[in-house]
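First up is the structure itself, then whatever we jot down about it.
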Amino acid sequence: MRTATAGVAVETACPVMLDGIEVRTPTHGSGLRVSVRFLWRLKMKAVILAGGFGTRISEESHLRPKPMIEIGGRPILWHIMKLYGQHGIHEFVICCGYKGYQIKEYFANYFLHTSDVTLDLSTNSMEVHQRYAEPWKVTLVDTGEDTMTGGRIRRVRDYIDGPFCLTYGDGVSDVDIGALIAFHREQQTLATVTAIQPAGRFGSLEIAGAKVKSFLEKPAGDGRWINGGFFVCEQGAIDLIEGDDTFWEREPLEHLAATNQLSVWKHTGFWAAMDTLRDKNHLDALWNAGEAPWKVWA
């Protein structure tokens, strides 16, 4: 039996235990690949942090919560949920906060956003055309405007009944959620974090004397791995969150790391956070050009 390492190709089929069933799946350059059909057996939920103020993208966030800022005409939250849906995760717990009512209204009237309708004002009736619905079950929880990330997770614990996925509502990626889940189960730790290596934000100059020898528009970063924001957690990880003022990224993750209970899945594919208007415009351009790497669904 070969042991798979995150982000490392394995030459032979690698056995993965899913609900007590050994599944042998081929692996590729990005690590484990697990068929969608087996994820249905997991019945996992995805918890999405969607309550922050989005102060660095205030041009948009003064009107709507950051997860509702649109990429290609759809909220970035929708793009994130489509990624999970492609990997068999169809139950979501959304941690609402700032302007959370807008998120609730969006899903309450989801059919209005995805279908053509005819309104007969004389009879106060509506006919919905081209009915289209996602196979999603969405729980929307008001976790408070000023609650920190850890506190938001703690506030939704009653809606979590087993291991769960966790992510932020402002980033997109082509991360293989199925492989991430399988890796987490194999490691048997309380949590697994996806690590990424972001590209440098600014152009780089190679200088010799008074002359520029080369110019790199977007060079690689400094080689460090950072939190990519896609987690798989056991319920026990929530016990490390003390209250509303707890940042998930501080005491809980620091404790998990110190006690050898935090595994890491290295993702070398596409990843992007929407922190600024520039980021939004870049993601919009990729989507509108039909070149969005995170669009892994049909």
Review point. Regarding region 39-154, what whole-number volume in Å³ per residue does the convex hull of its Cα atoms give?
Key: 136
Study note, to complete from the structure: The aspartates and glutamates whose Cα lies under 17 Å from the Cα of Lys45, excluding any fewer than 8 residues away in the same chain, are Asp19, Glu91, Glu134, Asp158, Asp161, Asp176, Glu234
Practice item. Give the Rg (one decimal place) followed by the Dmax (whole number) of region 161-298, computed from C-alpha coordinates and expressed in Å. Key: 18.2, 63
Point to revise | Label-point separation in nm, Leu205 to Asp239, each point 7 Å along Cα→Cβ | key: 5.6
**Study point:** Label-to-label distance, nm, for residues given as Thr123 and Ser58 (7 Å Cα→Cβ offset)
**Key:** 5.1
Review point. What order, most packed first, do the peptides 80-86, 123-129, 57-63 have when packing is the mean number of other Cβ atoms within 10 Å of each residue?
Key: 80-86, 57-63, 123-129
**Study point:** Farthest toward positive dipole pole in region 73-191 [+1 Lys/Arg, -1 Asp/Glu at C-beta], among Ile181, Gly171, Gly151
**Key:** Gly151
Check your understanding: Can you pick out the pairs among Lys137/Lys280; Lys66/Lys104; Lys137/Lys266; Lys99/Lys137 whose Cα atoms lie more than 18 Å from each other?
Key -> Lys137/Lys280; Lys137/Lys266; Lys99/Lys137
Check your understanding: What nm value, rounded to one decimal, do you get for the distance between Asp275 and Lys137 when each label is placed 7 Å out toward the C-beta?
Key -> 3.7
Practice item. Among Gly269, Trp287, Ala257, pick out the residue whose Cα is farthest towards the positive end of the charge dipole of region 256-298, where Lys and Arg carry +1 and Asp and Glu carry -1 on C-beta, about the Cα centre. Key: Ala257
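Every number here is computed from the coordinates shown, using simple stated rules; none is lab data. What you see is a predicted model; the values in this text were computed from it and never measured. Quick reminder, even Gly has a Cβ in these numbers, built from the backbone with ideal geometry, and neighbours come from all protein chains shown.
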